[in-house]
1. Between a first residue in the stretch 3-32 that is modelled with pLDDT of 65 or more and a second residue that is part of a loop (DSSP other than H, G, I, E, B) and of a type outside the set (D, E, K, R), which pairs have beta carbons less than 6 Å apart while being 6 or more apart in sequence or on different chains?
2. Which of the residues spanning the stretch 88-125 are among the polar types (S, T, N, Q) and within 14 Å of the chain's Cα centre (by Cα)?
3. Tell me which residues, restricted to the stretch 67-122, are of a type in the set (K, R) and surrounded by fewer than 16 Cβ atoms within 10 Å (Cβ to Cβ).
Amino acid sequence: MRHRIIETALIAAALLLSANQSLAADKKPEAPGASAASASTTEKGARAQKPAAPAKNQAAAPAKLVDINSAGKAELKTLPGISDADADKIIAGRPYGSKSHLTTRNLITREIYENLKTRVIARQK
């Protein structure tokens with residue numbers, strides 16, 4: 001009886017894992033001939049549709065990303081939660097491999113980082 005329960009649980013776990021893997025798999029690329037045919041149908045469909053009206057609210061446009069490896073003190077201070085001292089620490093700690101180094105090197109708190117992580121980037125030279 002005990003072996004049967006364990007066996008059933010293992011089978012159920014294996015089925016769940018395989019189902020998860022099949023859902024997470026990326027789609028396979030189409031054959032070159034098939035993509036040309038689908039591209040022509042997409043173009044026809046795009047011409048048939050009316051052009052989308054421009055958005056009235058331009059505030060939804062993505063803001064300019066601040067590069068923490070090259071930004072000046074004034075530009076760093078425009079970020080939410082960054083003070084003069086924080087900007088000086090960021091400049092002194094350059095170069096950064098990624099923006100998460102701001103917290104791993106204890107330059108800013110995790111809360112401040114969560115507020116500005118979508119506004120910064122660490123470009124490599």
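The values are calculated or read from the model by the stated rules, or taken from the named source; none is laboratory data. Note that this is a predicted model, so its numbers are computed, not measured. Here the Cβ positions follow ideal geometry from the backbone for every residue, glycine too, while neighbour counts run over all protein chains shown.
1. That search, which allows pairs on different chains as well, returns nothing.
2. Across the stretch 88-125, the qualifying residues are S98, S100, T118.
3. Result: K73, K77, R94, R105, R110, K117, R119.
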